[in-house]
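Here, each number is a calculation from the coordinates, and none is a lab measurement. Owing to the predicted nature of the structure, the values given are computational and were not obtained by experimental measurement. All Cβ positions, even for glycine, are placed from backbone atoms using ideal geometry, and neighbour counts span all protein chains on display.
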Amino acid sequence: MKTYTYTEKKDTRSGFGDGLAELGRTNPDVVALCADLTPSLKMGEFIKENPDRFFQIGIAEANMMGIAAGLTIGGKIPFTGTFANFSTGRVYDQIRQSIAYSGKNVKICASHAGLTLGEDGATHQILEDIGLMKMLPGMTVINPCDYNQTKAATIAIAEHEGPVYLRFGRPSVPIFTPADQKFEIGKAIQLTEGTDVTIVATGHLVWEALEASKILNEKGISAEVINIHTIKPLDEEAILNSVSKTKCIVTAEEHNYLGGLGESVARVLASKLPTPQEFVATKDTFGESGTPAQLMVKYGLDSKSVAEAAEAVIKRK
């Protein structure tokens, strides 16, 4: 069994900040906008190097989306930055009408997503954002797993024509993907091979899935772990190829089980290859204040929960 280790932890929002800074040096059409949260979005280096290509909009997120849409008309590639809650729920009408409906080339970059925002509590811990964004026609939805992958994704989306929702987080998490790995939008990455159960995970839950595979291996269970960094378009082929072998699947995400990765996978399986499935996700609830680690355990998003879901779904084969 292939195992993954790490020597460093870093927040995925720093991957965004460093990716944006690199884009600032290589792509003159990239511009950045922020709603009064530049330190939290790690946008400082881009601003320092490109002050004439940065727009501080203030606490006016809806206005930011409208300005970003307008900038695309002149050929610019705007990257908007604020918390995931404010990037989606607060401005859904503006995204739908001004960006998605007209296919504007805006990159909506959202930090502090999910429960691992931590102590700021339920009002900031959006767990519905993937669902909101994936339902918009033409919207690409990306949720990378660590610093390296977030940096690579940030750079990659500048070359993609059309609106993108890029979701990342606040806490420091293990860096376990290669720094030079090519990021392909819509292409899942198989991390381990297995024969007994498929585990597809996204974002922070990818590391938890890898840790779960170690727990399962100690019990003689062979788990195939797949990193689904792009939720839309979904790599249906990778999922179907895996479950055709394992005959069961667990989906794992830091998001409500309604509207997230799990539902997208269930749609594919229901229409093409009906398969027993277990969902590791929040269960139609808001979050609460606490440390990221405490919340992951309480809401059943840790490696132990993923392993238990795998054992449960194997019994349903």
Check your understanding: Helix 303-314 versus the longest principal axis of the chain: what is the Cα-based angle in degrees, 0 to 90, to the nearest 10?
Key -> 50
Study note, to complete from the structure: The simple spin-label model distance between Asn241 and Thr291, using points 7 Å out along Cα→Cβ, in nm, is 4.0
Practice item. Note down the relative contact order for segment 103-151 as a percent, whole number, built from C-alpha pairs under 8 angstrom at least six residues apart. Key: 22
Point to revise | Beta bridges per DSSP with both ends in the chain, % antiparallel, nearest 5 | key: 15
**Study point:** Relative contact order computed over segment 189-314 (Cα-Cα under 8 Å; 6+ residues apart), in percent
**Key:** 30
Practice item. State the Cα centre-to-centre distance between segment 211-267 and segment 150-165 in whole Å. Key: 23
Point to revise | Partner lysines for Lys283 [C-alpha distance under 25 Å; skip if fewer than 8 residues away on the same chain] | key: Lys134, Lys232, Lys247, Lys298, Lys304, Lys315, Lys317
Revision key, fill the gap. Env charge @ Met139, Cβ radius under 14 Å, K,R +1 / D,E -1, value +4
Practice item. Report the net charge of residues surrounding Thr82, where surrounding means a beta-carbon distance below 9 angstrom and charges are Lys +1, Arg +1, Asp -1, Glu -1. Key: -1
Study note, to complete from the structure: Summing -39500 (n - 2.57) over every DSSP H run of at least 4 residues in the chain and dividing by its residue count gives a helix-only mean residue ellipticity at 222 nm, to the nearest 500 deg cm²/dmol, of -10500 deg cm²/dmol
Point to revise | Per-residue Cβ neighbour rank within 10 angstrom, fewest leading, Met43, Met133 | key: Met43, Met133
Exercise for review: Go through Ser242, Ala188, Leu210 and say which Cα lies farthest out towards the positive end of the charge dipole of the chain; charges sit on Cβ, +1 for Lys and Arg, -1 for Asp and Glu.
Suggested key: Ser242
Revision key, fill the gap. Measuring from the longest principal axis of the C-alpha atoms of the chain, the long axis of helix 12-26 (C-alpha) lies at a number of degrees, nearest 10, equal to 50
**Study point:** Size of charge dipole - segment 10-174 - debye, nearest 20, with Cβ of Lys, Arg +1 and Asp, Glu -1, no other charges
**Key:** 160
**Study point:** Simple Cβ-charge dipole of segment 189-314, Lys/Arg +1 and Asp/Glu -1, about Cα centre, in debye nearest 20
**Key:** 180
Exercise for review: Take the chain, connect every pair of alpha-carbon atoms lying under 10 Å apart with a spring to form a Gaussian network, then pick out the residue of Arg167, Arg90, Arg13 with the largest mean-square fluctuation.
Suggested key: Arg90
Exercise for review: Counting other beta carbons within 10 Å of each Cβ, put Ile314, Ile77 in order, fewest first.
Suggested key: Ile314, Ile77
Study note, to complete from the structure: With R₀ set to 41 angstrom, the calculated FRET efficiency between the beta-carbons of Tyr6 and Gln97, to the nearest 0.05, is 0.45
**Study point:** Dipole magnitude of the chain about its Cα centre (Cβ charges: Lys, Arg +1; Asp, Glu -1), debye to nearest 20
**Key:** 400
Check your understanding: Excluding Asp235 itself, what net charge comes from residues whose Cβ is under 12 Å from its Cβ, given Lys and Arg +1 and Asp and Glu -1?
Key -> -1
Check your understanding: How high is the relative contact order of the chain, given as a whole-number percent (alpha carbon pairs under 8 Å, six or more residues apart)?
Key -> 19
